[in-house]
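The values are calculated or read from the model by the stated rules, or taken from the named source; none is laboratory data. Because the structure is a prediction, the values reported are computed rather than measured. Using ideal geometry, Cβ is built from the backbone for each residue, glycine included, and neighbour counts are taken over all protein chains shown.
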Amino acid sequence: MRFHDVRLAGAVSAVMFTTVVAGGAAAQTQPLKCTAPPLPGHVVNVTLADMGPGMMSDGPGPQGMRMRLFATPAKVPAGTVSLRVVNEGVIAHEVVVLPLASGQAPGRRDEGSDQRVDEAGSLGEASHDCAAGKGEGISPGAMGWTTLTLRPGRYELVCNFPGHYVRGMYAELDVTG
Ligand SMILES: [Cu+2]
């Protein structure tokens, strides 16, 4: 019983910590606003995360310190691929699929004057709140999704909201032959 009590106390502390960091929004402790329907092909689960706008007010800081984009699995067979995206952050995000050239490492694109990276060659995006395809962004606690046909190669999933890429919102996705 003592062990159980200790674990319960730990859980309460974790919730309180999350609430403080997120300024009360704490999307990950609440049910999702919406969920994706069953998606065709090989499904890649993408999670978008941030530490809240209050944590970013002092500038971008070291690369990748404050925002994250996770893709699981990181490798899928060529053909029909669906991205199933959940925003666990406290601000809106998106996922854009860009090709990675041979030898090009993820996270190394240059930001333009608009703090966004070049989307040339984009294969599609999931940026529609609670819906498929392109929109104005996926809101906190919501999902977005898209289905693509991908050839073998290396791709980079990025959030291209201003400043988000350099803060760490990118992940490599490899498509095998
Ligand atoms: Cu973002």
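For the stretch 147-177, how many residues meet the condition of being under 26 Å from LYS33 (Cα atoms), in a strand (DSSP E or B) and within 16 Å of the ligand (Cβ to nearest atom)?
4
Of everything in the stretch 134-152, what is under 13 Å from the mean Cα position of the chain (by Cα) and either hydrophobic (A, V, I, L, M, F, W, C) or within 11 Å of VAL86 (Cα to Cα) (or both)? Give them in sequence order.
Passing the criteria: ILE138, SER139, PRO140, GLY141, ALA142, MET143, GLY144, TRP145.
State which residue is farthest from the ligand (Cβ to nearest atom) when the search covers only the stretch 92-105 and only residues that are in contact with a Pro (Cβ under 9 Å, 6 or more places away or on another chain) and part of a loop (DSSP other than H, G, I, E, B).
LEU100
Looking at the stretch 35-68 only, could you name the residues that are exposed (fewer than 13 other Cβ atoms within 10 Å of the Cβ), modelled with pLDDT of 95 or more and over 23 Å from ARG151 (Cβ atoms)?
THR35, PRO37, PRO38
Return the residues of the stretch 69-91 that are modelled with pLDDT of 95 or more, surrounded by 20 or more Cβ atoms within 10 Å (Cβ to Cβ) and within 15 Å of the ligand (Cβ to nearest atom); say none if nothing qualifies.
Selection gives LEU69, ALA71, LEU83, VAL85, VAL86, ASN87.
May I ask you to say which residue of GLY144, GLY135 is closer than 23 Å to PRO40 by Cβ, small (Gly, Ala, Ser) and not in a loop (DSSP other than H, G, I, E, B)?
That would be GLY144, the only listed residue that is closer than 23 Å to PRO40 by Cβ, small (Gly, Ala, Ser) and not in a loop (DSSP other than H, G, I, E, B).
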